[in-house]
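Participant: Following this message is one structure expressed as structure tokens.
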Amino acid sequence: MSMRGFDVLVTERLPAATAQFAADVRAGLERAGQKELPSKYFYDAVGSALFEAISVMPEYGLTRADERVLREHAGEIARMAPTPLSVCELGSGSGKKTRWILEALYRGQNVSYYPIEISAAALASCERELSLVDGISVVGVEREYLDGLREVAARREEGAHLLVLFLGSTIGNFDSGADRRFLQSVRQTLIAGDWLLLGADLVKPLNQLLAAYDDPAGVTAAFNLNLLARINRELDADFHLRQFEHVARFNERTNSIEMHLLSKKAQTVTIGRAEFMAQFREGESIWTESSHKYSLAELKTLAIASGFDCQEQWIDQEWQFAESLFIAR
Ligand code: TRP
């Protein structure tokens, strides 16, 4: 394949975010063993819209379960919450399910809500959706989780506590051990008595999980494949999306659903802005995300190991999902 065009691109100055994206894609696809791409890049405008669609698919009960538990227990949570309180959310998405808790928390005193989100599109719709809630001032923070959290913590008012929302079971997308390290970092930005409300998907029957991550209408497949489409759009690459296939498998050893993009044939892909070509064998896959399924006991252990006490766990019966209230020790 011709490398023509690369000499032009070497001198091209990429915006910092694009340069980082290019470097991450290159590092992930040049790996000697299992190729991988970081899942944080799923959420461009198309990816965020596709995820919203996944969350209303009948097979993917996770988001609705999260929302149900929050709605059902919002009053109780609000009554227990320390005051004054600021709320910040790690990865707010559209912010739809956060509405219940914010409505319940407003008791005559204004509550500041800081959604922390790397997707500008998701952040904009979150700000739109939630600024309509009475007594809530929304301040969007377009940053990575921990950077955003540090920024919010630095603005803490005298005597105020923070309620950190980490919903949707994103915690399960960290590698084994990285979930604990991440929560330890969250704990370090907090003070004793601050709250973390953690949504986590629970272990459930295999067929239910496989359908949730590979729906027959192909919305989940489109979401996974959009990562390659995004690389095409932003990094001047030539992935043929029809030559890759979405695969979801369950790893019994780690209790995780693993998402891959499988190359249907031997092929070479040029990624212009990352200045390299990736080779794929037939059947070779790119690992894009894992989604760990927890037990209630495992979540309690996770709380202790990261400097919190697990105060309470609320469970959805229809779709096994838990909201755990962790209080910083
Ligand atoms: N973080 C979500 C989850 O683990 C995202 C998700 C849903 C996802 N379906 C997916 C990620 C398919 C990759 C592929 O449930």
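Participant: Using +1 on the beta carbon of Lys and Arg, -1 on that of Asp and Glu, and nothing else charged, what's the dipole of the chain about the Cα centre, debye to 20? Numbers along the way, then the final one.
Facilitator: On the way: 35 positive and 46 negative charges, 69 e Å.
Around 340 debye, computed over the chain.
Participant: Efficiency by 1/(1 + (r/R0)^6): what FRET value for SER185 and GLU158, r their Cβ-Cβ distance, R0 = 25 Å, to the nearest 0.05?
Facilitator: Details: r = 24 Å, r/R0 = 0.98.
That gives a FRET efficiency of 0.55.
Participant: Got a sec? Which residues in the range 287-308 would a label at ALA192 touch, if it sits 7 Å along Cα→Cβ and we count backbone N under 18 Å?
Facilitator: 304-308
Participant: At 1.4 Å probe size, with every protein chain present, just tell me what the per residue accessible area of the chain comes to in Å².
Facilitator: 45
Participant: With the cut-off at 1.5 for a/c, could you classify the chain from its C-alpha gyration tensor as rounded, prolate or oblate? Before the final figure, lay out the partial values.
Facilitator: Details: a/c = 2.03, a/b = 1.58, b/c = 1.29.
Taking the square roots of the gyration eigenvalues as a ≥ b ≥ c, the chain is prolate.
Participant: Could I ask something else about it? Can you compute 3J(HN,Hα) from phi for each residue in the range 164-181, using the Karplus curve 6.51 cos²θ - 1.76 cosθ + 1.60 with θ = phi - 60°, rounded to whole Hz and x for Gly and Pro?
Facilitator: 3J(HN,Hα) across the range 164-181, in whole Hz: 9, 9, 10, 9, x, 6, 4, 4, x, 8, 7, 5, 4, x, 6, 4, 5, 4.
Participant: Expected output is a single nm value to one decimal: the length gained when fully extending between ASP236 and ASP147, i.e. 0.36 nm times separation in residues minus the C-alpha distance. What is it?
Facilitator: Details: separation 89, 0.36 × 89 = 32.04 nm, distance 2.91 nm.
So the extension gain works out to 29.1 nm.
Participant: Starting from the Cα-Cα distance between LEU262 and GLU76, subtract it from 0.36 nm times their residue separation and give me the gain in nm to one decimal. Working shown, then result.
Facilitator: Details: separation 186, 0.36 × 186 = 66.96 nm, distance 4.57 nm.
Extra length available between LEU262 and GLU76 comes to 62.4 nm.
Participant: Taking the chain as a Gaussian network, where each spring joins two C-alpha atoms under 10 Å apart, which residue of LEU206, LEU123, LEU296 fluctuates the most?
Facilitator: LEU206
Participant: If I model a spin label as a point 7 Å beyond the Cα along the Cα-Cβ vector, how far apart are those points for ILE304 and GLN279 in nm?
Facilitator: 5.0
Participant: Something else now. Which of the peptides 301-309, 96-104 is most tightly packed, and how do the rest follow, going by the mean number of other Cβ atoms within 10 Å of each residue?
Facilitator: On the way: 301-309: 17.4, 96-104: 20.6.
With the highest mean Cβ count within 10 Å placed first, the list reads 96-104, 301-309.
Participant: Hey, what do the phi angles of the range 149-162 turn into as Karplus ³J(HN,Hα) couplings, whole Hz, using 6.51/-1.76/1.60 and θ = phi - 60°, x for Gly and Pro?
Facilitator: Computed from phi, the couplings for the range 149-162 are 5, 4, 5, 5, 4, 5, 8, 4, 7, 2, x, 8, 9, 10 Hz.
Participant: Tell me the Rg and the Dmax, in Å, that the Cα atoms of the range 242-292 produce.
Facilitator: According to the Cα coordinates of the range 242-292, Rg and Dmax are 13.0, 38 Å.
Participant: Say the cut-off is 25 Å between C-alpha atoms; which of LYS35/LYS293; LYS265/LYS293; LYS40/LYS293; LYS97/LYS204; LYS97/LYS293 go over it? Could you put the intermediate results ahead of the total?
Facilitator: On the way: LYS35/LYS293 23 Å; LYS265/LYS293 32 Å; LYS40/LYS293 19 Å; LYS97/LYS204 22 Å; LYS97/LYS293 21 Å.
Check vs 25 Å cut-off fails for LYS265/LYS293.
Participant: Could you tally the net charge around SER263, taking each other residue with its Cβ under 12 Å from the Cβ of SER263, Lys/Arg +1 and Asp/Glu -1?
Facilitator: Details: positive: LYS35, ARG242, LYS264, LYS265, ARG281; negative: GLU245, GLU282, GLU284.
Neighbour charge sum, excluding SER263 itself: +2.
Participant: Right, next: Among residues other than ASP215 whose Cβ falls under 15 Å from its Cβ, what is the net charge (Lys/Arg +1, Asp/Glu -1)?
Facilitator: Numbers: positive: ARG64; negative: GLU52, GLU59, ASP214, GLU245.
Spelling it out: positives minus negatives among the neighbours equals -3.
The values are calculated or read from the model by the stated rules, or taken from the named source; none is laboratory data. Small disclaimer: the values here were computed from a predicted structure and weren't measured. FYI the Cβ positions are ideal-geometry reconstructions off the backbone, even for glycines, and counts take in every protein chain you see. The area values use the complete protein model at the heavy-atom level, side chains included, leaving out ligands, DNA and RNA. Shrake-Rupley method; radii C 1.70, N 1.55, O 1.52, S 1.80 Å.
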